[in-house]
Structures are given as structure tokens and as C-alpha cells.
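Below you'll find the structure, written out as C-alpha cells, and then a few comments.
Computed from the coordinates by the stated procedures, all read-outs in this text should not be read as laboratory data. Everything numeric here is computed off the predicted structure, so don't read it as measured data. All Cβ positions, even for glycine, are placed from backbone atoms using ideal geometry, and neighbour counts span all protein chains on display.
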Amino acid sequence: MNTNHSYHTVFIDHSVLNSVKEGKFYTTIRLGDQLFLFDENGKRTLISEPEVRWKNADEVVMIAKIKASHLDSVIEGNIYRVFNDEVNDERYIIDESGERVLFDKMIFKYDLI
């Protein structure tokens, strides 16, 4: 089994690819010296600059399915990545409008996946 793979989450700043949307988070996989992401169609897509620009995201620490939400931008039934912001010592998700939302039981109910 090849263990030369590493997975990370990135935030896309710029993209000219139709299947890779700006302002969204994607899981990437490094295979050797090439970086791929799983695009909107679920396909593994080679990414490189200048077609796609990205920055590393905070570490994903959990996956949560929202059961109830006080915010319109966090949709019940949807699944969200929970990120760990070590600088501010908090956890957050990215809502449907692309904004950071504090991951808090006072804001919504959830199940961990």
C-alpha cells in the first residue's frame, strides 16, 4: 500500500475551472509532487496556479450534521466541516454564504458523523 498521500482542506481564492468554485472549501490529496482536489462533480482534479489559487484552511476536527439551527445560513439536514481555529481558540463552520460561524450548541443542534 502506498502511503505517500497527504490530505488537507483548502479555501479557493480564485478559479477559472467550472467545477472548482471560488470561496469554497475542498479536500485535497497530494500524490507525489502533484496536488489534486475533489471538485463539484466528485472528480479528482489536478490543480495548479494560475488556474486555481488557494490557501490552507484550519484543521478539520469533526464532521457535523445539523439537526436544528437558529441561523438561516446554516441549513438543517446539511453536513458541515468543523474547523479548529488555534489562534482564537474556537471551532467554527462555514455557512451557506461562505462566512465563519462559531460552532456552538447555543446556535444549533447537531450530530457528529
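Taken together, the residues in the range 79-113 that are closer than 18 Å to residue 21 by Cα, among the charged types (D, E, K, R) and surrounded by 16 or more Cβ atoms within 10 Å (Cβ to Cβ) amount to 2. For first residues located in the range 94-109 and farther than 19 Å from residue 25 by Cβ and touching a residue at least 24 places away in the same chain (Cβ under 8 Å), partners that are assigned to a strand (DSSP E or B) and not acidic (Asp, Glu) and lie 6+ apart or on another chain with Cβ distances below 9 Å form the pairs 107/69; 107/101; 109/66; 109/67; 109/68; 109/69.
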